[in-house]
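> First the structure, then my questions, so here it is.
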Amino acid sequence: MRDIIVTIIILGSLPFILKTPAIGGLMWVWVSVMNPHTQAWGFATHLPFAFIIAITTMLSLVMTHAPRSLPLTPVSVLLLLFTAWMNVTAPFALLPEPSWEQWNKVMKIMLMSFVVMMVIRTRQDIVRLVWVLVGSIGYYGVKGGIFTIRSGGTERVWGPEETFIGDNNSLALALIITIPLMYYLQQNTDRRWLRHGLSAAMLLSALAALGSYSRGGLLAIAAMGLFMWLKSDRKLVLGALLCLVAPLLLAFMPERWSERMDTIHSYEDDVSAMGRLNAWRMAYNLARDRFFGGGFDVSEPVVFARYAPNPMDVHAAHSIYFQALGEHGFVGLAIYLALGIATWHTAAVIIRLTRGNAELRWAHGLATMSQASLIGFAVGGAFLSLLYFDMPYYLMAVLIATRIVVEQHVRDHAPLAHRARPRAVEKAKTSVAGQP
């Protein structure tokens, strides 16, 4: 039954995608982030839904009369530069075969990230994209939260297999990124049932993140929660709520969970933590030795044997920063960090332009909560190999489109005297020039 439902939804959306490219972008985000076909059990799990949607969306872009150029902003330009640099480093990969296999996957993600940036242009599309992100990850948050309650927190929460969020740590980070977006939607709806539903989704998602037993996730959710409190206009109310809910959630988790979280303070005795440090040192040594880095997918014994302090302890990078460093060198890491800074600055510009403007309240709240999501990703990503996880790139698309809409609104609603001044000056110059 699930296979039929997923297939009908996706195939039924194709005529609408051909008519409106933005729908194709939204469908692509839904399929790539949620992977709904993984929730089926039969034929739908093997159908190339992502490919079908991608081709249909690009065909729609060719046919549409609407603007279809990529917005050239600091974020999009840096993402283009990062993508170009990955294509430079790939031919110099230490392990060509697995590197080119990973390159093929990453380039598809980057291509469709640019497509999403091209088709999401209006406030309506922006809000719809946020809803798609929230629904895609929130589904696993609600499901995982209920599972944690039923198991008493004794079993770990996992994501869908063979996806970016299949690992328990990765799912925790995805949920943490999503919670601020849930809060944004909750604060911008007048429907009581929807507000209550989003409140429950946030609570269950937080519980699912804890139920994943992710230590990096715990640090990320603490950093994200602190930032949300600092940016809140109702610090007293939100602070009281956090002080009430957080202890209850932590008290619900069993002693086994507490013991695992306590290893944060004694990482020297934890095999997993020491393995990550070994992988980080390997990435650093590799980048020092090779200007272009090692290329995609360097977490192999032959590479560790050459660059790691402990060649027998082979681990994935377990850090977006060291993953960028090891695979694409210091230049790749610098571009990636610049991309993160530019994304943060874009949100800051939106906040500055919309402060005190009732008509742009929606954009102000979205930019603020996007920064909270970025804080969560920056902290949690320091312990996970999620450099190519597509959700942050779609969040960049949200901020790019929001800034464009806000700046256009500011220009259109500038004081009449301010807009008339350039024309008056030009007229005066013309009159002076015409005098003998």
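The values are calculated or read from the model by the stated rules, or taken from the named source; none is laboratory data. Given the structure is predicted, the values throughout are model-derived calculations rather than measurements. Methodologically, a virtual Cβ is constructed for each residue, glycine included, from the backbone with ideal geometry; neighbour enumeration extends over all protein chains shown.
> Within the bounds of segment 144-152, is there any residue that is in a helix (DSSP H, G or I), in contact (Cβ under 8 Å) with a residue 60 or more places away in the chain, closer than 24 Å to Ile177 by Cβ and within 24 Å of the chain's Cα centre (by Cα)?
yes
> Taking the conditions exactly as written (surrounded by fewer than 17 Cβ atoms within 10 Å (Cβ to Cβ) and of a type in the set (A, V, I, L, M, F, W, C)), does Leu59 satisfy them or not?
yes
> Shifting gears a bit: Kindly provide the set of residues from segment 106-127 that are assigned to a loop (DSSP other than H, G, I, E, B) and aliphatic (A, V, I, L, M), ordered by number.
Hit for segment 106-127 is Ile120, nothing else.
> Could you list, in sequence order, the residues of segment 68-105 that are part of a helix (DSSP H, G or I), surrounded by fewer than 20 Cβ atoms within 10 Å (Cβ to Cβ) and among the aliphatic types (A, V, I, L, M)?
Answer for segment 68-105, where residues must be part of a helix (DSSP H, G or I), surrounded by fewer than 20 Cβ atoms within 10 Å (Cβ to Cβ) and among the aliphatic types (A, V, I, L, M): Val77, Leu80, Leu81, Ala84, Val88.
> Out of Leu337, Leu395, Leu325, which single residue is modelled with pLDDT of 95 or more, surrounded by 23 or more Cβ atoms within 10 Å (Cβ to Cβ), at negative phi and in a helix (DSSP H, G or I)?
Criteria check complete, one pass: Leu325.
> Surrounded by fewer than 20 Cβ atoms within 10 Å (Cβ to Cβ), among the hydrophobic types (A, V, I, L, M, F, W, C) and either more than 26 Å from Ile176 (Cα to Cα) or out of contact with any strand residue (DSSP E or B) (no Cβ under 8 Å at 6 or more places or on another chain) (or both), is that true of Leu111?
yes
> Which one of these does Gly216 not meet: (1) touching a Leu at 6+ places or on another chain (Cβ under 8 Å); (2) over 25 Å from Gly381 (Cα atoms)?
Against the list (1) touching a Leu at 6+ places or on another chain (Cβ under 8 Å); (2) over 25 Å from Gly381 (Cα atoms), Gly216 comes up short only on (2).
> For segment 351-377, how many residues meet the condition of being free of Cβ contacts under 8 Å to residues at least 40 places away in the same chain, touching a helix residue (DSSP H, G or I) at 6+ places or on another chain (Cβ under 8 Å) and among the hydrophobic types (A, V, I, L, M, F, W, C)?
Going through segment 351-377 one residue at a time, the tally reaches 3.
> Does segment 395-406 contain at least one residue that is in contact with a Lys or Arg (Cβ under 8 Å, 6 or more places away or on another chain) and farther than 22 Å from Pro71 by Cβ?
Within segment 395-406, not a single residue is in contact with a Lys or Arg (Cβ under 8 Å, 6 or more places away or on another chain) and farther than 22 Å from Pro71 by Cβ.
> To continue, here is another question. Thr45: more than 25 Å from Thr343 (Cα to Cα), modelled with pLDDT under 90 and either outside any helix (DSSP H, G or I) or not acidic (Asp, Glu) (or both), yes or no?
Working: more than 25 Å from Thr343 (Cα to Cα): yes; modelled with pLDDT under 90: yes; either outside any helix (DSSP H, G or I) or not acidic (Asp, Glu) (or both): yes.
The answer is yes for Thr45.
> Would a scan of segment 156-174 turn up a residue that is crowded, with 16+ Cβ neighbours inside 10 Å and either over 19 Å from Leu386 (Cα atoms) or outside the structural domain of Met228 (by TED's automatic domain parsing) (or both)?
yes
> So, in segment 300-317, of the ones that are surrounded by 19 or more Cβ atoms within 10 Å (Cβ to Cβ) and either touching a residue at least 60 places away in the same chain (Cβ under 8 Å) or in contact with a Phe, Trp or Tyr (Cβ under 6 Å, 6 or more places away or on another chain) (or both), which residue ends up farthest from Asn169 (Cα to Cα)?
Here the residue is Val303.
> Please tell me if Ala44 is in contact (Cβ under 8 Å) with a residue 24 or more places away in the chain and among the small types (Gly, Ala, Ser).
In short, yes.
> List the number of the failed condition for Tyr213; all other conditions in (1) modelled with pLDDT of 75 or more; (2) farther than 24 Å from Arg156 by Cα; (3) not in a helix (DSSP H, G or I) hold.
(2)
> Kindly indicate whether Val130 is buried (at least 17 other Cβ atoms within 10 Å of the Cβ), outside any loop (DSSP other than H, G, I, E, B) and either of a type in the set (A, V, I, L, M) or assigned by TED's automatic domain parsing to the domain that holds His364 (or both). Before you say what the answer is, go through the steps one by one.
Working: buried (at least 17 other Cβ atoms within 10 Å of the Cβ): yes; outside any loop (DSSP other than H, G, I, E, B): yes; either of a type in the set (A, V, I, L, M) or assigned by TED's automatic domain parsing to the domain that holds His364 (or both): yes.
Judged against the criteria, Val130 is a match.
> Mind listing whichever residues of segment 286-299 are surrounded by fewer than 17 Cβ atoms within 10 Å (Cβ to Cβ) and part of a helix (DSSP H, G or I)?
Arg288, Asp289
> Being part of a helix (DSSP H, G or I) and within 23 Å of Ala316 (Cβ to Cβ) is the filter here, so list the residues in segment 375-392 that pass it. Before the answer, list the steps.
Taking segment 375-392 and keeping what is part of a helix (DSSP H, G or I), we get 375-383, 391-392.
Correct list: Gly376, Phe377, Ala378, Val379, Gly380, Gly381, Ala382, Phe383, Met391, Pro392.
> Among the residues of segment 115-127, which ones are touching a residue at least 40 places away in the same chain (Cβ under 8 Å) and either over 14 Å from the mean Cα position of the chain (by Cα) or not assigned by TED's automatic domain parsing to the domain that holds Gln186 (or both)?
Within segment 115-127, Val115, Met118, Val119, Ile120, Arg121, Thr122, Arg123, Asp125, Ile126, Val127 meet the criteria.
> Could you identify the single residue in Ile10, Ile52, Ile23, Ile17 that is of a type in the set (A, V, I, L, M), free of Cβ contacts under 8 Å to residues at least 24 places away in the same chain and not assigned by TED's automatic domain parsing to the domain that holds Phe296?
The conditions single out Ile23.
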